[in-house]
Amino acid sequence: MADSIDSSKYKLAQAMKECMKTTTVENITVKQVVETCGVSRQTFYRNFIDKYDLINWYFDRLLEESFNEMGSGETLRDGLIKKFKYIRQERVFFQAAFKVDEQNNLKEHDFIMIFEFYCRLIREKTGNLPDKKTRKLLEMYCQSSIYMTVQWVLKGMKESEEELAELMIEAMPAHLEKKFKEMNIL
């Protein structure tokens, strides 16, 4: 059953990506998505709350793929490069999704996912939850990282994935840099 649900979700995500090639996210309808992939509206709503939920679900899959090795030996730089390569491969999706500022948008979702990822990584590597100062610095760092990623996508991805990863690492607050070095991921 889980494979069937994931299969439907991926079909819907592919249909959404197809719709994004010709229509802005704001103007894409659930009807358009289900007609593109040949499933019922009921199937859509059994899997997603709305089109933004679908976009966020698909982004989660991309994020999982790009960071799934981190924490088991891969460095932050490697994880960032992998993430930016996925974003470049899926640029039509991200160019459309990052233009949306409505509720439940990808930028907000990206922040939550990345912030939680770093907090979980710190907990797994150190055995402790991040302290208040670290959480605040992570919050600022994640927000600025998302801003730069969005700018990179919307302005034509002029820097390479490696250059963008280096910029993200150089922009890291010293406190986080020290913590990540202690955790052997930087």
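Average 1/r across all pairs of distinct alpha carbons in the stretch 146-186, invert it, and you get the Kirkwood radius: 11.2 Å.
For the chain, a crude dipole built from +1 on the beta carbon of Lys and Arg and -1 on the beta carbon of Asp and Glu, taken about the Cα centre, is about 200 debye to the nearest 20. Stokes-Einstein diffusion for the chain at 4 °C, viscosity 1.567 mPa s, with a Kirkwood radius from C-alpha pairs, works out to 74 µm²/s.
Between ASP6 and GLU116, residue separation times 0.36 nm minus the direct Cα-Cα distance comes to 37.3 nm. A simple spin-label model places pseudo-atoms 7 Å from Cα toward Cβ; at SER40 and VAL92 they are separated by 2.9 nm. For the stretch 84-186, the list of GluC sites (Glu not before Pro) that fall in a loop by DSSP and count at most 15 other C-beta atoms within 10 angstrom reads GLU102, GLU159. Assuming a ≥ b ≥ c are the square roots of the Cα gyration tensor eigenvalues, decide whether the stretch 1-48 counts as rounded (a/c under 1.5), prolate (otherwise, with a/b larger than b/c) or oblate. Prolate, because a/c is 1.5 or more and a/b exceeds b/c.
Coordinate-derived values only; no laboratory data. Quick caveat, the model's predicted, so the values are computed rather than measured. Don't worry about glycine lacking a Cβ; one is built from the backbone with ideal geometry, like all the others, and counts go over all protein chains shown.
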